[in-house]
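Comments concern the structure below.
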Amino acid sequence: MDIGVRLLFQIVLELTPVIAALIQKRNEERPTLAKYLASQEIKEFIQSVSSASQSISHSGKLDQEKIQQQQLAFDVQKTQLKIATQQQETALKLPEVQKIFENWPLRLLPSQILECHTKNQRTPLKIFLAPPKIKFDKFDNRGEDISDIEFMLAEGLRQFLNQHYSLHNPVRPTEFLAGAWDSKRFHSESSIKALFGTLKTEPVLILESETDGDYLNFRIGYWGIGQENYYYKTISRLPYKEIVEESAISRAKKWKTIRDELIALGESLEEINHLGKENVSNLATLEKAEKWKEKGIDISQLGLQYQVNRQDIEKLCQVLITCHTLAASWVADAYHLVHNDVPPLLPELLPSFLTNTINSKLLQAMSDDNPLYMYAAGYKQLYQALEVERHHWIPDLALKLAQTLSHLLDEVWAKEQVDYSVNTWLQLRQVSQHREIHPLRAMQSAIKIEDEEYIEKLKEYFTAVGDSQSVTYAEELLNAIAQEKDKRQHESVYLSHTLIGHSDQVTSVAISPDGQILVSGCADKTVKIWNLSTGKVVRTLTGKIGEVSSVAISPDGNFLVVGSCEHPRNNVKVWHLATGKLLHTLLGHQKPINCVVISPDGQILASASNKIKIWNLHTGDPPALSRPLGDGAERPLCERISTLWHSSPVYAAAISPDSAILASGSSDHKIRLWNPITGELLSTLGGHSGEVKAIAISPDGQFLLSGSTDKTIKIWHLCTGKVLHTLTGHSDEVTSIAVSPDGKTLYSGSADKTIKMWHSQTGELLQTLPSPVGDATRTERYANTGHSQVVNSVAISSDGRFIASGSSDKTIKIWLR
């Protein structure tokens, strides 16, 4: 095992400068990559940075910069993938592709590899195994073919990757192509060059072992997305003969103990030797070697040979599996860190590899050539390379590494990483550092509630290393956070977290009735299902959806309805929310669908374009109309689709709690009230001077709320049609409205990039998210970093605690009350 660990550190030493140089090159190329982005996206990004710098405090600005940093990295990654896709389309059309096959080392054709894409949004790292061909008969005088190195090695590596880096892993996917390597066609550098020439649009790792006398030359070939050249080098020479012979010697020593016990029992020596098999000759060879060594003879020159069996081969395989898994893990981590902003996993896994494998001298040796020191220094070099584009990541990454090192190394190395983490945290918040002040004391002036997880990890680390003073300081920080959390409970809404993952404007959001699930629809033609509490993506729905305009969840939480506004895919799709299974596709709209809404009783679905269609949610059929019979029973009327006719586009709709009234808002500045079953127009409300973009009905069914491009919100009495309040305060059109479950609070989203909270009965403005710097409380300034572009949709959970907002800035924000 010690060989595998040392190999890992050699990989870190060799590959870290390569990966760091790739990061630096990417930083230098960002201006060039920008030309591939739409000019409007660049303009909007610059405007968002400028707007953020002028309108929020430093604490809020820090959060905004972090989000923008992540979004820009996401956009650059998307651009790189577009470029790679274009290159891939021409890769197989090159005239010299047939000549490349002369040095092609794989059993798979390039087209099979390039076309083998998964539904995973992250491009997986492709891993090829070039196993060694070892003939053990050169030092096994029986000449038995007892080895199957390739099979055992491939299976061991497969089990590790399937557990931690599987193809279906949404975070760190890899694609292990075992058995693809054809050693008979392999021609060293020429084959690697042939692979790179055809597969350079795909991230590739090649783990190659080649026999060289009594050694294995372990080589690595690697290239990531956007690399202009490949890396290919011999990393280490593994003494495979020594490994199997040490295993045979160990077996011989154990056999000696058993033999002596059998002799003491009076068993015949002939029978004992028969049971011992090759252990007998190995023990004899070992005893001779020890005797000659005592006499000063150099036994390395004698060519002593030991007979090996399958146990010894399996021992070698375990060493090789460790070498290959550590190499694959580190490279996969580096690839996903650079290209997908994913923190490394290996620091968490490494302790299991090092159990009982590192002696105390190695742990205590604080020197530049210590392999564990090189491991720590390698990660730090990677993190420093990332500082330019993802400075905000460094505190968490360095602390995570320190937690691993605290279990493995002299505490000085772990402390170096913690100091790096804390100092970066302070620099990001522009906190001055003084020698006489402990860094954790300096953090008091800038700590905020969102730092709780980071401080908890700091406390865990200091507890593990026995630093009681720092533990006390960390507890003081946590107490300060607890006090702020108590204050927040008595204050208004604050930002909990921001969800990033969509590649275009988020057009609609909805929260499930149980408050566990958030659904977001996007112009990137996907629908994402998130865990509302953790912010993790549960599922992504794709497949001829088109640009999504609206999403809705049924009251029982079973169904998800998605409306599309992209011609010719103007349709409504009904999915099973828990499984992601598509149940119905409802056709009939000729114009873009602007909104979908489900009745509170869960029976009907309304979809609106230039007209409104009413559907039976459960079957996709028109709802059954009923007519009383003479005996009091009911029977269905004709099976037909109910259509509510508008003369202009309908942008918003809502259904009353008793499902008896459907209210629709249109581009003609009017609001219409309908019987959704019969299609009868009940009344028309006028009052807005602009298009009606948002509609909601209070939970008690008494009030109608509308938002318009005239920048106002109107509160109407639903039965009389009388305007009770006109709310002003937004500086641009009102795009979305949501009402709290108790009906007391109204939330409005606007093109002015803000969300406003109003008292629905009095019309009083309670809060603006984000709060203007001068008006914000200290708690609000901690977290109210708002959207940088239009707020398209606002939704509220059934308990009123969570507010979700979707924006054209491609993010979703989760606010807590």
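The values are calculated or read from the model by the stated rules, or taken from the named source; none is laboratory data. Just so we're clear, the structure is a prediction, and the values are computed from it rather than from any experiment. All Cβ positions, glycine included, derive from the backbone under ideal geometry; neighbour counts span all protein chains shown. The protein model used for the area step is the full one, side chains on, heavy atoms only, and it has no ligands, DNA or RNA in it. Shrake-Rupley method; radii C 1.70, N 1.55, O 1.52, S 1.80 Å.
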*asked:* Against the conditions (1) under 19 Å from residue 15 (Cα atoms); (2) part of a strand (DSSP E or B); (3) in contact (Cβ under 8 Å) with a residue 60 or more places away in the chain; (4) open to solvent by 10 Å² or more (accessible area, probe 1.4 Å), where does residue 217 fall short? Just the number, please.
replied: (3)
*Go through 706, 664, 648 for me and flag whichever is of a type in the set (Ser, Thr, Tyr) and surrounded by fewer than 24 Cβ atoms within 10 Å (Cβ to Cβ).*
648
*asked:* Of everything in the stretch 239-295, what is of a type in the set (Val, Ile, Thr) and either open to solvent by 90 Å² or more (accessible area, probe 1.4 Å) or more than 30 Å from residue 132 (Cβ to Cβ) (or both)? Give them in sequence order.
replied: 257, 258, 263, 272
*Scanning for something surrounded by fewer than 21 Cβ atoms within 10 Å (Cβ to Cβ) and within 17 Å of residue 329 (Cβ to Cβ), does the stretch 198-209 turn up at least one residue?*
no
*Hits in the stretch 797-808 (condition: surrounded by 24 or more Cβ atoms within 10 Å (Cβ to Cβ) and of a type outside the set (Gly, Ala, Ser))*: 803
*asked:* Show me the strands (runs of 3 or more DSSP E) found entirely inside the stretch 718-766 where at least 3 residues are closer than 16 Å to residue 652 by Cα and modelled with pLDDT of 95 or more.
replied: 734-739, 745-750
*Any chance the stretch 550-559 includes a residue that's among the hydroxyl-bearing types (Ser, Thr, Tyr), assigned to a loop (DSSP other than H, G, I, E, B) and over 25 Å from residue 610 (Cα atoms)?*
no
*When the stretch 396-441 is examined, which residues are found to be in a loop (DSSP other than H, G, I, E, B) and either modelled with pLDDT under 85 or within 10 Å of residue 461 (Cβ to Cβ) (or both)?*
406, 407, 408, 409, 410, 433, 434, 435, 436
*Which of the residues belonging to the stretch 417-448 are in contact (Cβ under 8 Å) with a residue 60 or more places away in the chain and open to solvent by 50 Å² or more (accessible area, probe 1.4 Å)?*
430
*May I ask you to list pairs of residues, at least six apart or on different chains, whose Cβ atoms are under 6 Å apart, with the first in the stretch 740-769 being closer than 19 Å to residue 702 by Cβ and the second being open to solvent by less than 10 Å² (accessible area, probe 1.4 Å) and in a loop (DSSP other than H, G, I, E, B)?*
743/698
*Restricting attention to the stretch 731-752, which residues are more than 13 Å from residue 695 (Cα to Cα) and surrounded by 22 or more Cβ atoms within 10 Å (Cβ to Cβ)?*
745, 750
*With 355, 322 as the choices, which residue is modelled with pLDDT of 80 or more and among the polar types (S, T, N, Q)?*
322
*Taking the residues in the stretch 296-332 that are outside any helix (DSSP H, G or I) and hydrophobic (A, V, I, L, M, F, W, C) as candidates, determine which candidate is least open to solvent (accessible area, probe 1.4 Å).*
308
*asked:* Looking at the structure I just gave you, is residue 458 open to solvent by less than 10 Å² (accessible area, probe 1.4 Å), modelled with pLDDT of 90 or more, farther than 20 Å from residue 563 by Cβ and out of contact with any Asp or Glu (no Cβ under 9 Å at 6 or more places or on another chain)?
replied: yes
